[in-house]
Amino acid sequence: MFDIGVNLLHPQFDADRNAVLARAWQAGVEHLVITGTDLRGSAAAADFIAAAPAPTARRLSCTAGIHPHDAAAAPDGWLDELKALAGRPEVVAVGETGLDFNRDFSPRPVQQALFRAQLQLAADLDLPVFVHDRDAGATVAKCLDACASPAAGVVVHCFTGDRPTLHRYLEMGCYIGITGWLCDRRRGEDLRGLVPEIPLDRLLVETDAPFLKPQNAAKSGPGRSGRNEPALLVWVIRQLATCLGVAEEELAAVTTANARRFFRLPD
């Protein structure tokens, strides 16, 4: 299994981060991509990987970007700083970037300006993009179109949109990231009906830990405190396999291969 998005440096993991990683490896997770959501967090993620023992570092990568929630707080010179971060060997994608018209923590024009600039940076550096879309699919797609959908690839992480939005992204060549949202009995109902329409070679899986704990997860073991963690990725795989009518082992292998291809990581 390959977790394409985990907030590993979130304070909820401060007390047991190494144990979280150990449980992930034990559960069969081969690789984690740590999500960068602002300049400081992206640098911290890259630093964490660079300082990790070699066996651990080989199983970790990160993204570097500015989340739409943080767009209004971007400092002067942010793009030059982000470009430097994106050049680090630990960084495999630009992001998390995109648009959030649900919470609107940053003004929409500011979100769009930073999103377009990060798309252009990704195109210039030939890096894939890790995209956030919450209630903003039409505008996200327009921004991607304006940047000719960066050639290195786009994943729409934690997809929760509707059918027209899904098919627009698929037509544009995007990958689709699926989280424990799928396992939510109420909120995940529509998504469970949509995932069979996603080609297997475009599927990626993620926990977005410590958020979005799969509701189908066992009551004992990792996550019993209510916190999500990468070891619970197996429950996302399990629900997704049920929706698609394929074996869990096959789906784990396919999504792992997809992720390694998308992030350009060796087998």
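Which count do you get for residues in the stretch 82-107 that are in contact (Cβ under 8 Å) with a residue 12 or more places away in the chain, open to solvent by 30 Å² or more (accessible area, probe 1.4 Å) and in a helix (DSSP H, G or I)? The total comes to 1.
Does the stretch 242-254 include one or more residues that are surrounded by 21 or more Cβ atoms within 10 Å (Cβ to Cβ), within 16 Å of Met1 (Cα to Cα) and acidic (Asp, Glu)? First the steps, then the outcome.
Residues of the stretch 242-254 surrounded by 21 or more Cβ atoms within 10 Å (Cβ to Cβ): 251-252.
Checking which are within 16 Å of Met1 (Cα to Cα) leaves us with 251-252.
Then drop every residue that is not acidic (Asp, Glu), which leaves none.
No: the stretch 242-254 contains no residue that is surrounded by 21 or more Cβ atoms within 10 Å (Cβ to Cβ), within 16 Å of Met1 (Cα to Cα) and acidic (Asp, Glu).
Within the stretch 70-81, being in a loop (DSSP other than H, G, I, E, B) and of a type in the set (A, V, I, L, M) holds for one residue alone: Ala74.
Looking only at the stretch 12-60, filter to residues that are basic (Lys, Arg) and out of contact with any helix residue (DSSP H, G or I) (no Cβ under 8 Å at 6 or more places or on another chain); which one of those is nearest to Ala72 (Cα to Cα)?
Filtering the stretch 12-60 for residues basic (Lys, Arg) gives 17, 23, 40, 58-59.
Retained after the next criterion (residues that are out of contact with any helix residue (DSSP H, G or I) (no Cβ under 8 Å at 6 or more places or on another chain)): 17, 40, 58.
Values: Arg17: 30, Arg40: 15, Arg58: 34 Å.
Once the filter is applied, the top-ranked residue is Arg40.
Among the residues of the stretch 166-187, count how many are surrounded by fewer than 23 Cβ atoms within 10 Å (Cβ to Cβ) and out of contact with any strand residue (DSSP E or B) (no Cβ under 8 Å at 6 or more places or on another chain). Final tally of qualifying residues: 8.
The values are calculated or read from the model by the stated rules, or taken from the named source; none is laboratory data. Because the structure is predicted, anything quoted here is derived from the model rather than measured. When we count neighbours, we look across all protein chains shown, and the Cβ atoms used for this are built from the backbone with ideal geometry, even at glycine. Just so you know, the surface numbers come from the protein's heavy atoms only, side chains and all, with ligands and any DNA or RNA stripped out. Shrake-Rupley method; radii C 1.70, N 1.55, O 1.52, S 1.80 Å.
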